[in-house]
Amino acid sequence: MKTLLIELIDVRKRYNATEVLKGINLKADEGEFVTIRGKSGAGKTTLLKIIGLLESPDDGKLKIFGHDAERLSDNEKSNLRLHHIGFVFQFFNLIPSLTILENIELPLALAGTNKQERRGRACRLLKYFGLTSLAERFPETLSGGERQRIAVIRALANNPKIILADEPASSIDDENSKLLMNLLTSITRERKVTIILSTTDLYEKLPSNQDYLLKEGYLYGTNS
């Protein structure tokens, strides 16, 4: 039996007079790949921020890892983000002054992992995904596709149960987008990580278990 990791119940969010989310309901189990499609400005990033405990809904409820998010303290939310949630951003967010290896180590350092252990884990991740040759290079020397794959590997550093990917393929070409999707699919299959990915592509076939369209504040299942 799969474990339910994320549940949103009638979640609403507004900014000033504009209601961005108008009653979102969503469930995601361990190891599921969920895609949320929508045009720019549809509220996809807001939804991911709520799931990632970076913002709170104005109404409705978020349950994550069995916890009612509303009852969690700021420290508890921070610890969940640090140890159990990985983030992948549209523009990579790699630190230009750090090597690729050091970039992957960064979340581990923030979590208080000792230097030897974090170096070993970062090296193992690079080896596992066949990118050891990039370890001592700097982000600016990598292609966009390589940087985005490194960003995904960095998100795995603390062995998260959830990865939130906000339009991760929007800054890379079609070939690298396919490589990225293959990487994400292997993560869900082999590591049982739940992935929620947003995209502005309304038609591309994606390797998801659940596929949704976010439009005018509402979430529609594309298979329904």
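No lab work stands behind these numbers, since they all come straight from the coordinates. From a predicted model like this one, the values you see are computed outputs, not experimental measurements. A quick note on method: Cβ atoms are made from the backbone with ideal geometry, for glycine too, and the neighbour counts reach across all protein chains shown.
Summary of values
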{"item": "DSSP-loop trypsin sites (Lys or Arg not before Pro) across the range 1-48, with at most 14 other Cβ within 10 angstrom", "result": "Lys2, Lys39"}
{"item": "DSSP-loop trypsin sites (Lys or Arg not before Pro) across the range 152-224, with at most 13 other Cβ within 10 angstrom", "result": "Lys205"}
{"item": "Fraction of beta bridges assigned by DSSP in the range 143-224 that are antiparallel (%, nearest 5)", "result": "45"}
{"item": "Ratio Rg/Rh, restricted to the chain and using Cα atoms, in which Rh is the Kirkwood radius", "result": "0.96"}
{"item": "Between the range 86-140 and the range 160-224, the alpha-carbon center distance in angstrom", "result": "22"}
{"item": "DSSP bridge pairs, the chain: antiparallel proportion in percent, nearest 5", "result": "55"}
{"item": "Simple spin-label estimate for Ser73 and Thr222 in nanometres, 7 Å along Cα-Cβ", "result": "4.2"}
{"item": "The chain, relative contact order [Cα under 8 Å, separation at least 6], %", "result": "31"}
{"item": "Mean separation of Cα contacts under 8 Å (6+ apart) over length of the range 1-111, as relative contact order %", "result": "25"}
{"item": "Longest segment of the chain lacking GluC sites (Glu not before Pro) that sit in a DSSP loop with at most 16 other Cβ atoms within 10 Å", "result": "56-135"}
{"item": "Qualifying aspartates and glutamates (Cα of each under 17 Å from Cα of Lys22; at least 8 residues distant if same chain)", "result": "Glu7, Asp10, Glu55, Asp58, Asp59, Glu216"}
{"item": "Computed helical MRE - 222 nm, the chain, DSSP H runs ≥ 4 contributing -39500 (n - 2.57), nearest 500", "result": "-10500 deg cm²/dmol"}
{"item": "Full-stretch length increase - Arg137, Leu4 - with 0.36 nm per residue and alpha-carbon distance subtracted", "result": "44.0 nm"}
{"item": "Pair Thr185, Glu19: separation of 7 Å Cα→Cβ label points (nm)", "result": "3.9"}
{"item": "P(r) histogram, all alpha-carbon pairs of the range 47-108 included - 5 Å bins from 0, percent", "result": "4, 15, 25, 20, 13, 12, 7, 3, 1"}
